[in-house]
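Here's the structure we're looking at; comments come further down.
The values are calculated or read from the model by the stated rules, or taken from the named source; none is laboratory data. All figures in this text were calculated on a predicted structure; none of them were measured in a lab. Methodologically, a virtual Cβ is constructed for each residue, glycine included, from the backbone with ideal geometry; neighbour enumeration extends over all protein chains shown.
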Amino acid sequence: METQEIIDLCKKHTMWTWSKGSAVSPLPVARAEGIYFYTTDGERFIDFNSQLMSVNIGHSHPRVVQAIKDAADGLIYAFPATATENRAKVAKMLADLVPGDINTFFFCLGGAEANENAIKAARLYTGRHKILSRYRSYHGATNATMQLTGDPRRWANEPGTPGFVKVMGPWPYDYSFGDNDADIVSNNLTYLEEVIMYEGPQNIAAMFIETVVGTNGILPPPDGYLQGLRKLLDKYGILLVCDEVMCGFGRTGKLFAFEHWDVVPDIVTMAKGLTSSYVPLGAMGVSDKIAKHFEENVFWGGLTYNSHSFALAVAHECVRTLIDEGMVENAAKMGTVMRSEMDRLTAKHPCVKVGRQIGLFGMIDLQRDEKGTPVCGYNSADPAMGALATYFRENGLFTFIRWSSFMCNPPLCITEEQLLEAFAVVDAGLDVVDNELF
(Lines give C-alpha, C1' and ligand atoms only; values in the text may rest on other atoms or scores of the structure.)
Protein backbone atom coordinates (compact mmCIF):
# COMPACT_ATOMS: atom_id res chain seq x y z
CA MET A 1 0.00 0.00 0.00
CA GLU A 2 0.99 3.62 -0.43
CA THR A 3 1.65 5.56 2.74
CA GLN A 4 -1.51 7.66 2.63
CA GLU A 5 -3.68 4.62 1.94
CA ILE A 6 -2.27 2.91 5.04
CA ILE A 7 -2.99 5.97 7.17
CA ASP A 8 -6.47 6.51 5.72
CA LEU A 9 -7.57 2.89 6.18
CA CYS A 10 -6.18 2.74 9.72
CA LYS A 11 -8.02 5.93 10.62
CA LYS A 12 -11.24 4.81 8.93
CA HIS A 13 -11.46 1.28 10.31
CA THR A 14 -9.59 1.23 13.66
CA MET A 15 -9.89 2.90 17.04
CA TRP A 16 -6.98 4.56 18.83
CA THR A 17 -5.76 4.42 22.42
CA TRP A 18 -6.37 7.46 24.63
CA SER A 19 -7.42 9.57 21.61
CA LYS A 20 -10.38 10.66 19.55
CA GLY A 21 -9.95 9.33 16.04
CA SER A 22 -10.26 12.69 14.31
CA ALA A 23 -7.28 14.04 16.26
CA VAL A 24 -4.68 11.34 15.61
CA SER A 25 -1.81 11.82 13.18
CA PRO A 26 -0.17 8.39 13.19
CA LEU A 27 3.33 7.60 12.06
CA PRO A 28 3.21 5.05 9.23
CA VAL A 29 5.83 2.57 10.47
CA ALA A 30 7.21 -0.06 8.08
CA ARG A 31 10.22 -1.65 9.79
CA ALA A 32 12.57 -1.34 12.76
CA GLU A 33 16.08 -2.41 13.70
CA GLY A 34 18.19 -1.81 16.79
CA ILE A 35 17.37 1.62 18.25
CA TYR A 36 15.77 2.87 15.03
CA PHE A 37 12.47 2.49 13.21
CA TYR A 38 11.53 3.61 9.71
CA THR A 39 8.38 5.00 8.12
CA THR A 40 6.89 3.67 4.91
CA ASP A 41 8.62 6.56 3.12
CA GLY A 42 12.01 5.55 4.55
CA GLU A 43 12.31 8.29 7.20
CA ARG A 44 14.44 7.11 10.13
CA PHE A 45 13.54 7.74 13.77
CA ILE A 46 15.63 7.21 16.89
CA ASP A 47 13.33 5.29 19.20
CA PHE A 48 14.03 7.32 22.34
CA ASN A 49 11.14 5.72 24.24
CA SER A 50 11.57 2.05 23.25
CA GLN A 51 8.04 2.44 21.83
CA LEU A 52 6.13 2.11 25.12
CA MET A 53 9.21 1.69 27.34
CA SER A 54 9.16 -1.92 26.28
CA VAL A 55 11.49 -2.82 23.39
CA ASN A 56 14.37 -3.32 25.82
CA ILE A 57 16.65 -5.45 23.60
CA GLY A 58 16.10 -3.21 20.59
CA HIS A 59 14.09 -3.88 17.46
CA SER A 60 14.30 -7.03 15.35
CA HIS A 61 17.18 -8.66 17.21
CA PRO A 62 18.30 -11.47 14.86
CA ARG A 63 18.66 -14.00 17.68
CA VAL A 64 15.07 -13.48 18.79
CA VAL A 65 13.71 -13.23 15.25
CA GLN A 66 15.20 -16.67 14.60
CA ALA A 67 13.68 -17.95 17.84
CA ILE A 68 10.27 -16.71 16.67
CA LYS A 69 10.68 -18.61 13.40
CA ASP A 70 11.75 -21.73 15.27
CA ALA A 71 8.84 -21.42 17.70
CA ALA A 72 6.40 -21.35 14.79
CA ASP A 73 7.62 -24.83 13.85
CA GLY A 74 6.98 -26.09 17.37
CA LEU A 75 4.00 -26.12 19.69
CA ILE A 76 2.20 -22.84 19.06
CA TYR A 77 -0.76 -23.22 21.43
CA ALA A 78 -2.10 -25.57 24.02
CA PHE A 79 -4.86 -24.71 26.49
CA PRO A 80 -3.78 -23.33 29.89
CA ALA A 81 -4.25 -26.57 31.87
CA THR A 82 -1.47 -28.32 29.94
CA ALA A 83 2.20 -28.66 30.87
CA THR A 84 4.56 -27.60 28.08
CA GLU A 85 8.32 -27.41 27.77
CA ASN A 86 8.21 -23.66 27.14
CA ARG A 87 6.12 -23.11 30.25
CA ALA A 88 8.56 -25.18 32.30
CA LYS A 89 11.66 -23.43 30.90
CA VAL A 90 10.44 -19.87 31.43
CA ALA A 91 9.06 -20.58 34.91
CA LYS A 92 12.37 -22.13 35.97
CA MET A 93 14.35 -19.28 34.38
CA LEU A 94 12.33 -16.65 36.24
CA ALA A 95 12.52 -18.57 39.51
CA ASP A 96 16.31 -18.46 39.15
CA LEU A 97 16.40 -14.78 38.17
CA VAL A 98 13.86 -13.10 40.46
CA PRO A 99 15.40 -12.37 43.89
CA GLY A 100 14.13 -13.80 47.15
CA ASP A 101 11.42 -16.42 47.47
CA ILE A 102 9.41 -15.48 44.38
CA ASN A 103 9.49 -18.84 42.62
CA THR A 104 6.00 -19.33 41.19
CA PHE A 105 4.52 -17.56 38.16
CA PHE A 106 1.17 -17.07 36.48
CA PHE A 107 1.55 -16.27 32.76
CA CYS A 108 -0.87 -13.96 30.99
CA LEU A 109 -0.71 -11.59 28.01
CA GLY A 110 0.29 -8.20 29.40
CA GLY A 111 0.94 -5.93 32.33
CA ALA A 112 -2.64 -4.93 33.02
CA GLU A 113 -3.68 -8.56 33.07
CA ALA A 114 -0.78 -9.37 35.41
CA ASN A 115 -2.00 -6.66 37.78
CA GLU A 116 -5.60 -7.89 37.51
CA ASN A 117 -4.45 -11.32 38.65
CA ALA A 118 -2.34 -9.80 41.42
CA ILE A 119 -5.45 -8.04 42.74
CA LYS A 120 -7.29 -11.38 42.73
CA ALA A 121 -4.38 -13.23 44.36
CA ALA A 122 -4.00 -10.63 47.12
CA ARG A 123 -7.71 -10.65 47.94
CA LEU A 124 -8.02 -14.42 47.85
CA TYR A 125 -4.87 -14.95 49.93
CA THR A 126 -5.66 -12.40 52.64
CA GLY A 127 -9.45 -12.56 52.67
CA ARG A 128 -9.45 -8.74 52.60
CA HIS A 129 -10.87 -6.56 49.83
CA LYS A 130 -9.31 -3.07 49.90
CA ILE A 131 -6.29 -2.22 47.76
CA LEU A 132 -3.98 0.77 48.28
CA SER A 133 -2.27 2.46 45.36
CA ARG A 134 -0.77 5.85 44.63
CA TYR A 135 -2.09 8.87 42.74
CA ARG A 136 1.08 9.19 40.68
CA SER A 137 0.74 5.76 39.10
CA TYR A 138 -0.35 3.80 36.06
CA HIS A 139 -1.17 0.10 36.32
CA GLY A 140 -3.20 -0.66 33.19
CA ALA A 141 -6.42 0.05 31.32
CA THR A 142 -8.69 -2.85 32.26
CA ASN A 143 -11.63 -2.23 34.56
CA ALA A 144 -9.88 -3.01 37.83
CA THR A 145 -6.44 -1.69 36.89
CA MET A 146 -7.96 1.63 35.84
CA GLN A 147 -9.21 1.99 39.41
CA LEU A 148 -5.80 0.92 40.67
CA THR A 149 -4.30 3.67 38.51
CA GLY A 150 -4.03 7.19 39.87
CA ASP A 151 -3.37 9.30 36.79
CA PRO A 152 -6.11 11.24 34.93
CA ARG A 153 -6.91 8.42 32.52
CA ARG A 154 -8.83 6.91 35.44
CA TRP A 155 -11.38 9.74 35.51
CA ALA A 156 -13.33 8.77 32.39
CA ASN A 157 -13.45 5.16 33.60
CA GLU A 158 -15.16 5.97 36.90
CA PRO A 159 -17.13 4.77 38.71
CA GLY A 160 -15.43 1.42 38.60
CA THR A 161 -14.74 -1.61 40.74
CA PRO A 162 -15.02 -0.67 44.45
CA GLY A 163 -12.39 -1.20 47.11
CA PHE A 164 -9.52 0.93 45.79
CA VAL A 165 -7.94 3.61 47.99
CA LYS A 166 -5.50 6.21 46.61
CA VAL A 167 -2.66 7.70 48.63
CA MET A 168 0.12 10.17 47.98
CA GLY A 169 3.51 8.70 47.18
CA PRO A 170 6.72 10.11 48.64
CA TRP A 171 6.90 12.59 45.73
CA PRO A 172 3.63 14.59 45.56
CA TYR A 173 3.07 16.62 42.38
CA ASP A 174 3.73 20.17 43.56
CA TYR A 175 4.82 20.01 47.19
CA SER A 176 7.13 17.89 49.30
CA PHE A 177 6.96 15.84 52.48
CA GLY A 178 10.33 17.35 53.45
CA ASP A 179 13.69 18.71 52.38
CA ASN A 180 15.73 15.51 52.65
CA ASP A 181 15.15 11.82 52.06
CA ALA A 182 14.93 10.92 55.74
CA ASP A 183 12.20 13.52 56.43
CA ILE A 184 10.33 12.70 53.22
CA VAL A 185 10.25 9.00 54.07
CA SER A 186 9.28 9.56 57.71
CA ASN A 187 6.51 12.04 56.91
CA ASN A 188 5.06 10.02 54.04
CA LEU A 189 5.00 6.78 56.01
CA THR A 190 3.41 8.55 59.00
CA TYR A 191 0.71 9.85 56.67
CA LEU A 192 0.30 6.40 55.07
CA GLU A 193 -0.12 4.71 58.45
CA GLU A 194 -2.85 7.18 59.29
CA VAL A 195 -4.66 6.30 56.05
CA ILE A 196 -4.32 2.61 56.93
CA MET A 197 -5.88 3.36 60.32
CA TYR A 198 -8.81 5.20 58.72
CA GLU A 199 -9.45 2.41 56.19
CA GLY A 200 -9.00 -0.38 58.73
CA PRO A 201 -5.88 -2.51 58.30
CA GLN A 202 -8.01 -5.64 58.67
CA ASN A 203 -9.70 -4.62 55.40
CA ILE A 204 -6.58 -3.97 53.29
CA ALA A 205 -5.20 -6.82 51.21
CA ALA A 206 -2.27 -5.14 49.48
CA MET A 207 -0.53 -1.99 48.41
CA PHE A 208 0.49 -1.74 44.76
CA ILE A 209 3.41 0.45 43.78
CA GLU A 210 5.41 1.00 40.64
CA THR A 211 8.86 0.38 42.12
CA VAL A 212 10.02 3.34 40.06
CA VAL A 213 7.04 5.42 38.95
CA GLY A 214 6.97 5.42 35.15
CA THR A 215 4.63 7.51 33.00
CA ASN A 216 3.80 9.83 35.90
CA GLY A 217 7.30 11.12 36.43
CA ILE A 218 10.12 8.52 36.33
CA LEU A 219 10.38 8.78 40.11
CA PRO A 220 12.89 6.57 41.92
CA PRO A 221 11.90 6.33 45.59
CA PRO A 222 13.91 8.28 48.18
CA ASP A 223 16.53 6.36 50.13
CA GLY A 224 14.93 4.26 52.84
CA TYR A 225 11.40 4.46 51.45
CA LEU A 226 11.00 0.89 50.18
CA GLN A 227 12.53 -0.55 53.33
CA GLY A 228 10.24 1.57 55.50
CA LEU A 229 7.20 0.76 53.41
CA ARG A 230 7.93 -2.96 53.60
CA LYS A 231 8.19 -2.75 57.41
CA LEU A 232 4.97 -0.73 57.74
CA LEU A 233 2.94 -3.07 55.53
CA ASP A 234 4.30 -6.14 57.33
CA LYS A 235 3.15 -4.61 60.60
CA TYR A 236 -0.46 -4.84 59.42
CA GLY A 237 -0.24 -7.99 57.30
CA ILE A 238 -0.67 -6.02 54.07
CA LEU A 239 1.00 -7.47 50.97
CA LEU A 240 3.50 -5.43 48.96
CA VAL A 241 3.00 -5.70 45.20
CA CYS A 242 5.70 -4.23 42.97
CA ASP A 243 4.57 -3.41 39.46
CA GLU A 244 7.73 -3.87 37.39
CA VAL A 245 5.96 -3.88 34.03
CA MET A 246 7.79 -0.75 32.93
CA CYS A 247 10.86 -0.60 35.19
CA GLY A 248 11.76 -4.29 35.10
CA PHE A 249 14.09 -6.36 32.90
CA GLY A 250 17.12 -4.10 33.01
CA ARG A 251 15.54 -0.71 32.46
CA THR A 252 16.99 0.76 35.70
CA GLY A 253 20.41 -0.91 35.46
CA LYS A 254 19.33 -3.88 37.57
CA LEU A 255 17.30 -6.81 36.27
CA PHE A 256 14.47 -5.77 38.62
CA ALA A 257 14.20 -2.28 40.05
CA PHE A 258 13.50 -3.42 43.61
CA GLU A 259 17.02 -4.90 43.68
CA HIS A 260 18.39 -1.35 44.07
CA TRP A 261 16.89 -1.21 47.58
CA ASP A 262 17.31 -4.82 48.75
CA VAL A 263 13.59 -5.32 49.26
CA VAL A 264 11.63 -8.28 47.91
CA PRO A 265 7.87 -7.84 47.42
CA ASP A 266 5.22 -10.47 48.08
CA ILE A 267 4.06 -10.25 44.47
CA VAL A 268 5.79 -8.84 41.39
CA THR A 269 4.12 -8.15 38.07
CA MET A 270 5.97 -7.96 34.76
CA ALA A 271 5.45 -7.69 30.99
CA LYS A 272 6.96 -5.33 28.36
CA GLY A 273 10.67 -6.24 28.68
CA LEU A 274 9.75 -9.88 29.30
CA THR A 275 9.43 -10.24 25.53
CA SER A 276 10.60 -6.74 24.53
CA SER A 277 7.08 -6.49 23.10
CA TYR A 278 7.98 -8.84 20.25
CA VAL A 279 4.89 -10.82 21.27
CA PRO A 280 2.32 -10.25 24.04
CA LEU A 281 3.15 -11.78 27.41
CA GLY A 282 2.90 -10.83 31.08
CA ALA A 283 3.46 -12.61 34.35
CA MET A 284 2.63 -12.43 38.03
CA GLY A 285 5.26 -13.84 40.36
CA VAL A 286 4.29 -14.78 43.92
CA SER A 287 6.24 -15.60 47.07
CA ASP A 288 6.43 -19.13 48.40
CA LYS A 289 3.85 -18.47 51.13
CA ILE A 290 1.30 -17.27 48.59
CA ALA A 291 2.12 -20.12 46.20
CA LYS A 292 1.60 -22.59 49.03
CA HIS A 293 -1.82 -21.10 49.73
CA PHE A 294 -2.91 -21.72 46.15
CA GLU A 295 -1.65 -25.28 46.30
CA GLU A 296 -4.55 -25.92 48.67
CA ASN A 297 -7.01 -23.24 47.53
CA VAL A 298 -8.42 -22.44 44.10
CA PHE A 299 -6.96 -19.46 42.25
CA TRP A 300 -10.05 -18.05 40.57
CA GLY A 301 -8.41 -16.68 37.44
CA GLY A 302 -7.72 -17.78 33.90
CA LEU A 303 -8.11 -16.87 30.24
CA THR A 304 -7.73 -18.70 26.95
CA TYR A 305 -4.21 -17.42 26.29
CA ASN A 306 -2.67 -17.98 29.73
CA SER A 307 0.73 -19.73 29.51
CA HIS A 308 0.72 -19.37 25.72
CA SER A 309 3.43 -21.70 24.44
CA PHE A 310 4.54 -19.58 21.46
CA ALA A 311 4.81 -16.40 23.54
CA LEU A 312 6.75 -18.24 26.25
CA ALA A 313 9.27 -19.52 23.70
CA VAL A 314 9.92 -15.95 22.59
CA ALA A 315 10.17 -14.73 26.19
CA HIS A 316 12.83 -17.28 26.99
CA GLU A 317 15.03 -16.09 24.13
CA CYS A 318 14.39 -12.40 24.83
CA VAL A 319 15.44 -12.65 28.47
CA ARG A 320 18.46 -14.83 27.66
CA THR A 321 19.52 -12.30 24.99
CA LEU A 322 19.12 -9.40 27.42
CA ILE A 323 21.36 -11.14 29.95
CA ASP A 324 23.85 -12.82 27.63
CA GLU A 325 24.61 -9.58 25.78
CA GLY A 326 25.10 -7.55 28.95
CA MET A 327 22.26 -5.14 28.30
CA VAL A 328 21.41 -4.76 31.99
CA GLU A 329 24.99 -3.68 32.66
CA ASN A 330 24.88 -1.44 29.58
CA ALA A 331 21.78 0.30 30.95
CA ALA A 332 23.71 1.11 34.13
CA LYS A 333 26.75 2.28 32.15
CA MET A 334 24.76 4.39 29.67
CA GLY A 335 22.76 5.75 32.59
CA THR A 336 25.86 7.69 33.63
CA VAL A 337 26.04 9.18 30.14
CA MET A 338 22.36 10.12 30.31
CA ARG A 339 22.94 11.70 33.72
CA SER A 340 25.79 13.77 32.31
CA GLU A 341 23.72 14.92 29.35
CA MET A 342 20.78 15.86 31.56
CA ASP A 343 23.08 17.90 33.79
CA ARG A 344 24.58 19.60 30.73
CA LEU A 345 21.16 20.50 29.33
CA THR A 346 19.96 21.78 32.71
CA ALA A 347 22.94 24.13 32.89
CA LYS A 348 22.55 25.28 29.29
CA HIS A 349 18.80 25.75 28.81
CA PRO A 350 16.70 28.07 31.00
CA CYS A 351 13.62 26.00 30.09
CA VAL A 352 15.00 22.86 31.76
CA LYS A 353 13.87 22.45 35.34
CA VAL A 354 15.30 19.03 36.15
CA GLY A 355 16.22 15.71 34.61
CA ARG A 356 15.65 12.42 36.44
CA GLN A 357 16.98 9.00 35.56
CA ILE A 358 17.91 5.64 36.95
CA GLY A 359 19.72 3.51 34.40
CA LEU A 360 18.07 4.23 31.05
CA PHE A 361 14.77 5.22 32.64
CA GLY A 362 14.60 8.99 32.35
CA MET A 363 12.45 12.11 32.08
CA ILE A 364 13.16 15.83 31.70
CA ASP A 365 10.79 18.43 33.22
CA LEU A 366 10.54 21.87 31.63
CA GLN A 367 9.72 25.23 33.24
CA ARG A 368 8.43 28.55 31.96
CA ASP A 369 10.33 30.77 34.39
CA GLU A 370 13.26 30.70 36.80
CA LYS A 371 10.86 30.04 39.70
CA GLY A 372 10.31 26.54 38.33
CA THR A 373 6.71 27.01 37.19
CA PRO A 374 5.84 24.07 34.93
CA VAL A 375 5.32 24.96 31.26
CA CYS A 376 1.74 23.74 31.62
CA GLY A 377 -0.43 22.53 34.46
CA TYR A 378 -1.36 19.03 35.50
CA ASN A 379 -3.10 17.16 32.67
CA SER A 380 -2.88 20.10 30.26
CA ALA A 381 -1.01 21.22 27.15
CA ASP A 382 0.91 24.29 25.99
CA PRO A 383 2.05 25.55 22.56
CA ALA A 384 5.69 25.42 23.65
CA MET A 385 5.44 21.69 24.31
CA GLY A 386 3.66 21.31 20.98
CA ALA A 387 6.55 23.08 19.27
CA LEU A 388 8.99 20.71 20.94
CA ALA A 389 6.98 17.70 19.79
CA THR A 390 6.95 19.04 16.24
CA TYR A 391 10.71 19.60 16.30
CA PHE A 392 11.38 16.07 17.53
CA ARG A 393 9.13 14.57 14.87
CA GLU A 394 10.64 16.64 12.07
CA ASN A 395 14.15 15.72 13.18
CA GLY A 396 13.74 11.98 13.61
CA LEU A 397 13.44 11.60 17.39
CA PHE A 398 10.53 9.56 18.73
CA THR A 399 9.53 9.97 22.36
CA PHE A 400 6.50 10.85 24.46
CA ILE A 401 5.77 14.38 25.63
CA ARG A 402 3.39 14.57 28.57
CA TRP A 403 2.32 17.90 30.03
CA SER A 404 5.60 19.70 30.89
CA SER A 405 7.89 16.68 30.52
CA PHE A 406 9.30 14.28 27.97
CA MET A 407 10.62 10.73 28.20
CA CYS A 408 14.20 9.50 27.76
CA ASN A 409 13.91 5.70 27.59
CA PRO A 410 15.94 4.24 24.70
CA PRO A 411 16.51 0.52 24.09
CA LEU A 412 19.07 -0.98 26.45
CA CYS A 413 21.34 -1.94 23.54
CA ILE A 414 22.06 1.72 22.77
CA THR A 415 25.70 2.79 22.42
CA GLU A 416 27.23 5.97 23.80
CA GLU A 417 27.53 7.38 20.27
CA GLN A 418 23.86 6.73 19.61
CA LEU A 419 22.81 8.16 22.96
CA LEU A 420 24.73 11.36 22.26
CA GLU A 421 23.15 11.50 18.80
CA ALA A 422 19.72 11.45 20.45
CA PHE A 423 20.63 14.10 23.00
CA ALA A 424 21.95 16.35 20.22
CA VAL A 425 18.41 16.42 18.81
CA VAL A 426 17.02 17.04 22.31
CA ASP A 427 19.49 19.91 22.77
CA ALA A 428 18.38 21.61 19.57
CA GLY A 429 14.73 21.03 20.44
CA LEU A 430 15.20 22.75 23.78
CA ASP A 431 16.47 25.82 21.93
CA VAL A 432 13.00 25.99 20.37
CA VAL A 433 11.37 25.98 23.83
CA ASP A 434 13.84 28.56 25.14
CA ASN A 435 12.91 30.85 22.24
CA GLU A 436 9.21 30.33 22.93
CA LEU A 437 9.37 31.06 26.67
CA PHE A 438 12.43 33.16 27.51
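Right, ILE204: under 26 Å from the mean Cα position of the chain (by Cα) and of a type in the set (A, V, I, L, M) or not? Spell out how you get there, then give the answer.
Working: under 26 Å from the mean Cα position of the chain (by Cα): yes; of a type in the set (A, V, I, L, M): yes.
Yes: the conditions hold for ILE204.
Could you grab me the full set of residues in segment 1-17 that are farther than 18 Å from ARG393 by Cβ and not basic (Lys, Arg)? Full working, then the answer.
Kept after step one, since they are farther than 18 Å from ARG393 by Cβ, are these residues of segment 1-17: 1-2, 5, 8-9, 12-15, 17.
Within segment 1-17, MET1, GLU2, GLU5, ASP8, LEU9, HIS13, THR14, MET15, THR17 meet the criteria.
Of the conditions (1) assigned to a helix (DSSP H, G or I); (2) in contact with a strand residue (DSSP E or B) (Cβ under 8 Å, 6 or more places away or on another chain), ALA283 clears all except one; give me its number.
Condition (1) is where ALA283 drops out.
Can you tell me which residues in segment 170-187 are in contact with a helix residue (DSSP H, G or I) (Cβ under 7 Å, 6 or more places away or on another chain) and in contact (Cβ under 8 Å) with a residue 12 or more places away in the chain?
Across segment 170-187, the qualifying residues are PRO170, PHE177, VAL185.
Do you know which residues across segment 10-42 are under 20 Å from ARG153 (Cβ atoms) and assigned to a helix (DSSP H, G or I)?
Scanning segment 10-42 gives GLY21, SER22, ALA23.
For (1) of a type in the set (Val, Ile, Thr); (2) buried (at least 24 other Cβ atoms within 10 Å of the Cβ), each residue gets a yes or a no:
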{"site": "ALA257", "(1), (2)": "no, yes"}
{"site": "THR275", "(1), (2)": "yes, yes"}
{"site": "TYR278", "(1), (2)": "no, no"}
{"site": "ALA283", "(1), (2)": "no, yes"}
{"site": "ASP288", "(1), (2)": "no, no"}
{"site": "ASN297", "(1), (2)": "no, no"}
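If the requirement is being charged (D, E, K, R), at pLDDT 95 or above and not assigned by TED's automatic domain parsing to the domain that holds PHE361, which of these qualifies: ASP174, ASP181?
Testing whether each residue is charged (D, E, K, R), at pLDDT 95 or above and not assigned by TED's automatic domain parsing to the domain that holds PHE361 leaves just ASP181.
Pick out the one residue from ILE57, ILE76 that is surrounded by fewer than 16 Cβ atoms within 10 Å (Cβ to Cβ), in a loop (DSSP other than H, G, I, E, B), modelled with pLDDT of 95 or more and not polar (S, T, N, Q).
Of the residues listed, the single one that is surrounded by fewer than 16 Cβ atoms within 10 Å (Cβ to Cβ), in a loop (DSSP other than H, G, I, E, B), modelled with pLDDT of 95 or more and not polar (S, T, N, Q) is ILE76.
So, THR346, is that one assigned by TED's automatic domain parsing to the domain that holds VAL212, among the hydroxyl-bearing types (Ser, Thr, Tyr) and at pLDDT 95 or above or not?
Spelling it out, it is not the case that THR346 is assigned by TED's automatic domain parsing to the domain that holds VAL212, among the hydroxyl-bearing types (Ser, Thr, Tyr) and at pLDDT 95 or above.
For HIS139, are the conditions met, namely being over 20 Å from ASN216 (Cβ atoms), in the same structural domain as ASN203 (by TED's automatic domain parsing) and touching a residue at least 12 places away in the same chain (Cβ under 8 Å)?
Values: over 20 Å from ASN216 (Cβ atoms): no; in the same structural domain as ASN203 (by TED's automatic domain parsing): yes; touching a residue at least 12 places away in the same chain (Cβ under 8 Å): yes.
Here the answer is no, as HIS139 does not meet what is asked.
Surrounded by 15 or more Cβ atoms within 10 Å (Cβ to Cβ), farther than 27 Å from GLY273 by Cβ and touching a Phe, Trp or Tyr at 6+ places or on another chain (Cβ under 8 Å): does that describe LYS130? Lay out the reasoning, then the answer.
Numbers: surrounded by 15 or more Cβ atoms within 10 Å (Cβ to Cβ): yes; farther than 27 Å from GLY273 by Cβ: yes; touching a Phe, Trp or Tyr at 6+ places or on another chain (Cβ under 8 Å): yes.
Here the answer is yes, as LYS130 does meet what is asked.
Check GLU199, GLU194 and return the single one that is surrounded by 13 or more Cβ atoms within 10 Å (Cβ to Cβ) and more than 22 Å from TRP18 (Cα to Cα). It would help to see each step written out before you state the result.
On the way: GLU194 fails: surrounded by 13 or more Cβ atoms within 10 Å (Cβ to Cβ).
The unique qualifying residue is GLU199.
Checking THR346 against (1) under 20 Å from the mean Cα position of the chain (by Cα); (2) more than 30 Å from MET93 (Cβ to Cβ): exactly one of these is not met. Which one?
Against the list (1) under 20 Å from the mean Cα position of the chain (by Cα); (2) more than 30 Å from MET93 (Cβ to Cβ), THR346 comes up short only on (1).
Let me confirm something: among LEU240, LEU148, LEU219, which residue is within 21 Å of GLY362 (Cα to Cα), aliphatic (A, V, I, L, M) and crowded, with 18+ Cβ neighbours inside 10 Å?
LEU219
In segment 334-345, what residues are within 22 Å of ARG251 (Cβ to Cβ) and surrounded by 14 or more Cβ atoms within 10 Å (Cβ to Cβ)?
MET334, GLY335, VAL337, MET338, ARG339, GLU341, MET342, LEU345
Which condition number in (1) among the hydroxyl-bearing types (Ser, Thr, Tyr); (2) surrounded by fewer than 17 Cβ atoms within 10 Å (Cβ to Cβ); (3) modelled with pLDDT of 95 or more is the one that SER50 fails?
(2)
Looking at this structure, is ARG154 buried (at least 20 other Cβ atoms within 10 Å of the Cβ) and in contact with a Gly (Cβ under 7 Å, 6 or more places away or on another chain)?
For ARG154, the condition - buried (at least 20 other Cβ atoms within 10 Å of the Cβ) and in contact with a Gly (Cβ under 7 Å, 6 or more places away or on another chain) - is not met.
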